[in-house]
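Below is one structure, written out as structure tokens; comments come after it.
The values are calculated or read from the model by the stated rules, or taken from the named source; none is laboratory data. Source: prediction; values computed, not measured. All Cβ positions, glycine included, derive from the backbone under ideal geometry; neighbour counts span all protein chains shown.
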Amino acid sequence: MSWGSWGDFFAMGGYALYVWGSYAVTLGLMVAEVVLLVLRKRNILEHLGRMRGAARRVAL
Amino acid sequence: MNVNWFKYSSPQTFFPLAGALAPWFLSAALLLGAVGLYLGFFVAPTDAQQGEAYRIIFIHVPAAWMSMFLYVVMAFWAGVGLVLNTRLSGMMASAVAPTGALFSFIALWTGSLRGKPTWGTWWVWDARLTSELILLFLYFGFMALQAAIDDPRRADKAGAVLALVGVINVPIIYFSVQWWNTLHQGASVSLKSAPTMAATMFAGMIVMALGFWMYSIAAALLRVRCIILERERHADWVAQYVRTLK
Amino acid sequence: MLTALRCVIYRDLLLAVRRRADVATALLFFVIVVSLFPLGVGPEANLLRTIAPGVIWVAALLASMLSLGRMFSADHADGTLEQMLLSATPLGVIVVAKVIAHWLVAGLPLVLIAPVLALQFDLPQPLLGVLTLSLLLGTPVLSLVGAIGAALTLGLRGGGVLVSLLVLPLYVPVLIIGAGTVDMAAAGLGVEAHFLLLAAFLVFAGVFAPWAIAAALRISAE
Amino acid sequence: MLEIADLECVRGGRTLFSGLSLALRGGELLRVAGANGSGKTSLLRIVCGLLSPAHGEVRWHGGNIRSLREEYWKQLVYVGHSNAVKDDLTATENLVVACTLAGMKVEREQACTALARFGLAGREALPAKVLSQGQQRRVALARLLLSEAVPLWVLDEPFAALDATAVDCVETLIAQHVARGATVVFTTHQEAQIAATVALTIDLDTRAVSC
């Protein structure tokens, strides 16, 4: 299946909105999920770090 | 070489393993995704009736498969957690649920976008789309129940009972919706995948499905690491792990 | 075993009789919801006739779900639930007794009053019997499956809304087949298959639900 | 013969107690002492099988209670903090229901005499919501009069909200039951004078077992 030009490819036979709409949302959601997970892990570690720091200050 | 699998059944030993495996699964997902997209866009021919719009099936169908498959995986881990009373299985079940819900939503989104050009309406009461919608409600129910219960152990067990009851009901829901669709509309309006399934089209879908599967494993492993850290925050190995990072 | 079953049913009915207001809420809610639809949709007879089964079934679903919250929460609050968990008879039997009591209080009245409401929707005579029988077979399943949701959300804040989120997707098959039965009868097709299917749902729920409810109760009471 | 083997209880992320082992033969009395929040009620609920321990197990006549289930519960009476009394039912109805659930055949007259012996004469037919807290506690404890054949009693704060005469009545009841060769486990904050051949006290704070 060879596309005439990149223009035709992105036009997607006139259905660009639907095809690229669904691919963009899918890719966006999946990337968002991974990014959120990485952020969530960083927040937990920071929180634990602070908790441990506070505990150590109390212990001193 | 008998690997003692139970060695990895405790959250503490599973935590580093999950950390090591996740990037591999993520890269496998990217690789398979790229191959799938190439097959889908550059190898598969244009469909006779639906023109280029049919190319949405390369994510719609795999996403629908994954949403059902992940519900069964979630119910499996929930069942194991209920029977063997192992904490890690419960965590795995809660780790898989959001990704399953995500795929269920993607299947609905791409399904409605695919319905628009062919049937002119954003929402088609097609049997598969309707049961996908109900599956999304089941996912929300599971996550809402787990969020409402503070004690993690009770949340796991309660979620497990709901997941097991749900997994028994999924086929029943699917067939009753199927029957309901044929009763009210006849079989005319249905999002069957493209009638003449060219080999490359099918190959594209399979590869994308495998890519999604790798992605789900990676996402579940990442999330289970977060859940382990949250639930074991009082454990000393977590404090030790935090210290090593500092 | 049976004495415990009878005892719990007798106890719950006694409680229901002594608190008649609670019994009426499920019934009145059902009547009001059904009567609201013509106001919203318009009094046009043909339209009402076609939507009658669906409306009555959805209203029955919501009404029985409304009273689910009270099934275990009162016992949980005053400690009688603990005694049930420690009883000599298996918990599954006690749970079935409670579900039967809930059905008698919140399910049966709906079945009895449904034909009257169906007249409001100008449903033809033969269909009234079909509707009532489908409700008679369906409402126990609603109580059984609903009890699972009630047991899971025992003692949780915001339990009422949560029960509906958990349980409504599980009600879908009963709703489809139940409402579909009347449509088939309206179209003059045979309805035996659907009654058998509803009966199958009832047996299926009757076998699996008590296990799930008992497990959920043990988990929630911990 | 009740055995507790290496019991550990975790509540809300905190370990209340761990490594608790104990054996109680028939005719022995165990008082569980300890400050508030030391896990007394949790221990009792684990012994009854209401709560699953984080570690260890509870055995009755050698069998783990999680597998015995109804067999074990048939031989157990548990009176918890809450009186397990329905407000809308009368005292007699509450007692009859409680005993039927426990598997005992109880007639209405037997329940009335038991309530009368517990100082509730004339109030049997009143709905429980009319009774005072102490009287409702007596309704819950009246069940002990009807369960003399039950070999294991687990009582959580039986003397709470009771006046002097009721406390004496419960103390003599427990003493008689232990004398019959049954096992009684209870918690209380007041000093209890219960005559028993073997009266153990376990203090959850120090985890010391003393006679």
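Data table
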{"read-out": "Selection status of B:Val61, more than 30 Å from B:Ala155 (Cβ to Cβ), modelled with pLDDT of 90 or more and of a type outside the set (S, T, N, Q)", "value": "yes"}
{"read-out": "Qualifying residue in the range D:115-123 (condition: surrounded by fewer than 18 Cβ atoms within 10 Å (Cβ to Cβ), closer than 30 Å to C:Ala215 by Cα and under 21 Å from the mean Cα position of the chain (by Cα))", "value": "no"}
{"read-out": "Which numbered condition A:Arg57 fails, given (1) modelled with pLDDT of 90 or more; (2) more than 10 Å from chain B (Cβ to nearest Cβ)", "value": "(1)"}
{"read-out": "Residue match in the range C:151-165 (condition: surrounded by fewer than 22 Cβ atoms within 10 Å (Cβ to Cβ), among the hydrophobic types (A, V, I, L, M, F, W, C), within 12 Å of chain B (Cβ to nearest Cβ) and out of contact with any helix residue (DSSP H, G or I) (no Cβ under 8 Å at 6 or more places or on another chain))", "value": "yes"}
{"read-out": "Tally, over the range C:192-217, of residues that are surrounded by 16 or more Cβ atoms within 10 Å (Cβ to Cβ) and under 24 Å from B:Val161 (Cα atoms)", "value": "15"}
{"read-out": "Residues of the range D:72-85 classified as modelled with pLDDT of 90 or more and in contact with a strand residue (DSSP E or B) (Cβ under 9 Å, 6 or more places away or on another chain), total", "value": "6"}
{"read-out": "Condition check for B:Val43: more than 29 Å from B:Gln146 (Cα to Cα), within 9 Å of chain A (Cβ to nearest Cβ) and among the β-branched types (Val, Ile, Thr)", "value": "yes"}
{"read-out": "Condition check for B:Val124: more than 7 Å from chain C (Cβ to nearest Cβ) and surrounded by fewer than 20 Cβ atoms within 10 Å (Cβ to Cβ)", "value": "no"}
{"read-out": "Condition check for C:Leu39: modelled with pLDDT of 90 or more and within 11 Å of another protein chain (Cβ to nearest Cβ)", "value": "no"}
{"read-out": "Checking A:Ser2 against (1) hydroxyl-bearing (Ser, Thr, Tyr); (2) modelled with pLDDT under 80; (3) part of a helix (DSSP H, G or I), the condition it does not meet", "value": "(3)"}
{"read-out": "Residues within the range B:40-67 that are assigned to a helix (DSSP H, G or I), in contact (Cβ under 8 Å) with a residue 24 or more places away in the chain and either in contact with a His (Cβ under 9 Å, 6 or more places away or on another chain) or buried (at least 21 other Cβ atoms within 10 Å of the Cβ) (or both), tallied", "value": "14"}
{"read-out": "Criterion: within 30 Å of C:Ile219 (Cα to Cα) and surrounded by fewer than 18 Cβ atoms within 10 Å (Cβ to Cβ) - qualifying residue of C:Pro140, C:Pro126, C:Pro115, C:Pro90", "value": "C:Pro90"}
{"read-out": "Subset of the range C:57-103 [free of Cβ contacts under 8 Å to residues at least 24 places away in the same chain and among the charged types (D, E, K, R)]", "value": "C:Asp75, C:Asp78"}
{"read-out": "Yes/no for B:Leu82 being within 9 Å of another protein chain (Cβ to nearest Cβ) and either crowded, with 20+ Cβ neighbours inside 10 Å or under 19 Å from the mean Cα position of the chain (by Cα) (or both)", "value": "yes"}
{"read-out": "Search result, residues across the range C:1-36 that are away from chain D (no Cβ under 13 Å) and among the polar types (S, T, N, Q)", "value": "C:Thr25, C:Ser35"}
